[in-house]
Amino acid sequence: MVKEGLLALEPEVQEIFQCIDNNRNFLLSGGAGSGKTFSLVHVIRQVIIEHPTAKVACMTYTNAAVKEIEERVNHQNLSVSTIHDFLWDNIKHFQKELKSAIITLANDVEAKISIDEERAIPTDYFDNLEKGIQYKEYLKLKEGIISHDELLIISHFLFENHPKLSSIVKDKFQFIFIDEYQDTSKLVVAIFLDHFKKSQKINLIGFFGDAMQSIYDDGIGNLDEYKGNTAGMVCEIKKTQNRRSPLKIIELANRLRTDGIVQEPSTDEGAPNMLAGQVKEGNILFIHSRNGDVAAAKQYLTLNHNWIFSNAKETKELNLTHNLIADKVGFRTLMDIYDGDPVVGLKNDILNKIKNSNKKSLPKIVINENDSFDTIVDEFQLRNRQRQLKKEVLLQDDKNAKLYNQLKNKPFSEVRKIYLSKDALVDDKKQNEEGDSKKGSKRDSLIKHLFKIQNNIVLYKTGRYNEFLRVTDYRYKINQVADKRTLKNNIESLVNVGNKTIEEVINNAHEKGICLIDDKLERFIVKNEYLYNRVKEVQFDEFQKLYDYLEGKTPFSTQHKTKGTEFNNVLVVLDNGGWNNYNFENLFLNKGTESVLKRTQKIFYVCCTRAKENLAVFYHNPSKQVIASATEWFGAKNVVTI
Ligand SMILES: Nc1ncnc2c1ncn2[C@@H]1O[C@H](COP(=O)(O)OP(=O)(O)OP(=O)(O)O)[C@@H](O)[C@H]1O
């Protein structure tokens, strides 16, 4: 029987439906730009047509994919979420089992969950929790709060030991699709492919992804051990055509792949890499210089190849870390507060020492938590006499000394709670409309509040008045025309932030009724006094630069966050910023520690394959051997020195 609309679909999607018809789980694999995300959307749409009563869950990592899927398939039977939210939604109501799972795991020395208690954890340990077990951005196991890593471990345990749970989820979702499967944890794959089998109910799991693009160390990498044509295994369907990249980039990408998969340009006239029935040629360049000046490379591309870096939608500069980008965009102070606080660093060193002494067979370090931070620091310095005295070094710098003095007399029990993470600042995952942590934004409440203020400013400045009226807190005050006039005056006085500090703008936005200081922010300030005192003094216009960066309005992105996206012009900066998990020299020499080499090869593959027209790679001061490899990969005339 010819199915509705199916013939219009690509052959690989038709193959997927053969698997679906035979109740076989499947894996759609293919190199970058082969159109996996595109196919995922088609599969979901077709499933909804063919199975109008079935519920479909789709899990994905990248913002680009969430947006694309939500925009293109807007249907009540489809729920798109992260894997973590999916798991939590499905286990959170089983509080009794959850509590018992955590206790069992905490008492198992092999398991990676530990409740910091001297004794074995009794079975009634969580009986008096008011809100039960909760899932949050941070971990407080004693209070029943689990975070990302624990969620995976606990979910795995529950599905492993309660086949009924698998039945419930299988009944709820007849189709479960997982995008970018290569970066999914092994535990998650085990839930869907091992533990689901313990239930007789029928549902279908589909994976989409590319083993060469597994760029996070905690992912499964590939599904090799699950591939097969028998029930419960995954049937692999390969996409070999490339629809994104021009010829030269496809050729380069084929060299970079280490698994022997060779892509060919698509024969599809409608594909983005086709022009008048021909696949585009494209351009690739390897630029190097002695001084490592990326700005000079950009100028070269602007003058000689007409790249327009101010067009953030078309042109991107990819750097390995947010830290490498902070100076270029202009949010260095904020980055240093969240990612380089020397005093909190010292506190973390102490905590790590204590933690390690618990694990190793060394004498256990016991401290008095009521002692002042200063006392504990001194104690630790005495113990580690051979090391440089960090405190003394730290105090030589006036700014650091000021920070140290803020904390030195506080009890250690209080200082230990100061937790700073750059994710709270630079997570690019937007919060959902309800503003809750639900959809997994790691931004903290202060940064979320600043985003809210800046959203108001941007909407007004860009003339999107209706949207502005929908988001501003002033909306509740508007009863008559005069109120709108007041609002206009208020927002106009807020828009020009000049040299105002973050604190001044927060207060200003509150007083003018544009963005009110809410309970969440108030609680945050009380709980995070040290952090707030630092952030509040930074100029608001520095935050505005960060905002533009996270909203994709600057030409910068990290190499990891660029996965799943595509741009006309891509400049890849090969600088590891001191992060020795990556080694770009060894990438070209094909040597070095295997794990580092593989990791670097994969990130480089991801970066190069983002380009739809032109790719340039910038390398600071390469050796002769690196240039020799680059010449082989890029072609002699495409290796230029500036
Ligand atoms: N069947 C198709 N017809 C027309 N355009 C397509 C088709 N499939 C994919 N494309 C386009 O080709 C480009 C690459 O597709 P897509 O982003 O889905 O690839 P991908 O395999 O998910 O890539 P990556 O692994 O790099 O994320 C996109 O611009 C997409 O819109």
It is to be established whether one or more residues within segment 626-635 are loosely packed, with under 13 Cβ neighbours inside 10 Å, at pLDDT below 95 and more than 16 Å from the ligand (Cβ to nearest atom). no
So, GLU225, is that one over 20 Å from TYR181 (Cα atoms) and either free of Cβ contacts under 8 Å to residues at least 40 places away in the same chain or within 13 Å of the ligand (Cβ to nearest atom) (or both) or not? no
Just checking, how many residues over segment 569-592 are surrounded by fewer than 16 Cβ atoms within 10 Å (Cβ to Cβ) and not small (Gly, Ala, Ser)? 6
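Could you grab me the full set of residues in segment 333-346 that are free of Cβ contacts under 8 Å to residues at least 60 places away in the same chain and surrounded by fewer than 20 Cβ atoms within 10 Å (Cβ to Cβ)? Steps first, answer last, please.
The initial filter retains those residues of segment 333-346 that are free of Cβ contacts under 8 Å to residues at least 60 places away in the same chain, namely 336, 340, 345-346.
ASP336, GLY340, GLY345, listed by residue number.
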Return the total of residues in segment 161-172 being surrounded by fewer than 18 Cβ atoms within 10 Å (Cβ to Cβ), within 17 Å of ILE205 (Cα to Cα) and out of contact with any Ser or Thr (no Cβ under 6 Å at 6 or more places or on another chain). 3
Given (1) crowded, with 21+ Cβ neighbours inside 10 Å; (2) more than 17 Å from GLU97 (Cβ to Cβ), where does ASN128 come up short, assuming only one miss? (1)
Taking the options VAL41, VAL13, VAL73, VAL56, name whichever one is away from the ligand (no atom under 13 Å from the Cβ) and at pLDDT 90 or above. VAL56
For segment 185-201, state whether one or more residues are of a type outside the set (Phe, Trp, Tyr) and within 16 Å of the ligand (Cβ to nearest atom). no
Given the condition within 13 Å of the ligand (Cβ to nearest atom), closer than 21 Å to ASN77 by Cα and modelled with pLDDT under 95, answer yes or no: does some residue in segment 173-182 qualify? yes
Residue under question is GLY33, and the condition is that it be at positive phi and either in contact with a helix residue (DSSP H, G or I) (Cβ under 6 Å, 6 or more places away or on another chain) or without any contact (Cβ under 8 Å) to a residue 12 or more places away in the chain (or both); does it hold? no
Any chance LYS197 is in contact (Cβ under 8 Å) with a residue 12 or more places away in the chain and surrounded by fewer than 21 Cβ atoms within 10 Å (Cβ to Cβ): yes
Restricting attention to segment 275-289, the residues that are closer than 18 Å to LEU256 by Cβ and either in a loop (DSSP other than H, G, I, E, B) or outside the structural domain of TYR619 (by the TED database) (or both) number exactly 1
Hey, among the residues in segment 106-119 that are modelled with pLDDT of 85 or more and over 12 Å from LEU141 (Cα atoms), which one's surrounded by the fewest Cβ atoms within 10 Å (Cβ to Cβ)? ASP108
Just one listed residue, out of ILE113, ILE121, ILE103, is touching a Leu at 6+ places or on another chain (Cβ under 8 Å) and among the aliphatic types (A, V, I, L, M), and it is ILE113
Report yes if some residue within segment 395-403 is buried (at least 18 other Cβ atoms within 10 Å of the Cβ), modelled with pLDDT of 90 or more, under 32 Å from the mean Cα position of the chain (by Cα) and outside the structural domain of ILE325 (by the TED database); otherwise report no. yes
Suppose the filter is on the phi < 0 side of the Ramachandran plot, in contact (Cβ under 8 Å) with a residue 24 or more places away in the chain, part of a helix (DSSP H, G or I) and not assigned by the TED database to the domain that holds LYS402; does ILE350 pass it? no
Does GLU251 satisfy the criteria of being buried (at least 17 other Cβ atoms within 10 Å of the Cβ), of a type in the set (Asp, Glu) and touching a residue at least 24 places away in the same chain (Cβ under 8 Å)? no
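Quick grid of which residues meet (1) over 20 Å from the mean Cα position of the chain (by Cα); (2) within 11 Å of the ligand (Cβ to nearest atom); (3) of a type in the set (S, T, N, Q):
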| residue | (1), (2), (3) |
| --- | --- |
| ASN576 | no, no, yes |
| ASN581 | no, no, yes |
| ASN586 | yes, no, yes |
| GLY592 | yes, no, no |
| VAL596 | yes, no, no |
| TYR605 | no, yes, no |
Would a scan of segment 266-281 turn up a residue that is away from the ligand (no atom under 16 Å from the Cβ), in contact with an Asp or Glu (Cβ under 8 Å, 6 or more places away or on another chain) and modelled with pLDDT under 95? no
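The values are calculated or read from the model by the stated rules, or taken from the named source; none is laboratory data. Because the structure is a prediction, the values reported are computed rather than measured. For neighbour counting, all protein chains shown are included, and Cβ atoms are generated from backbone atoms with ideal geometry for every residue, glycine included.
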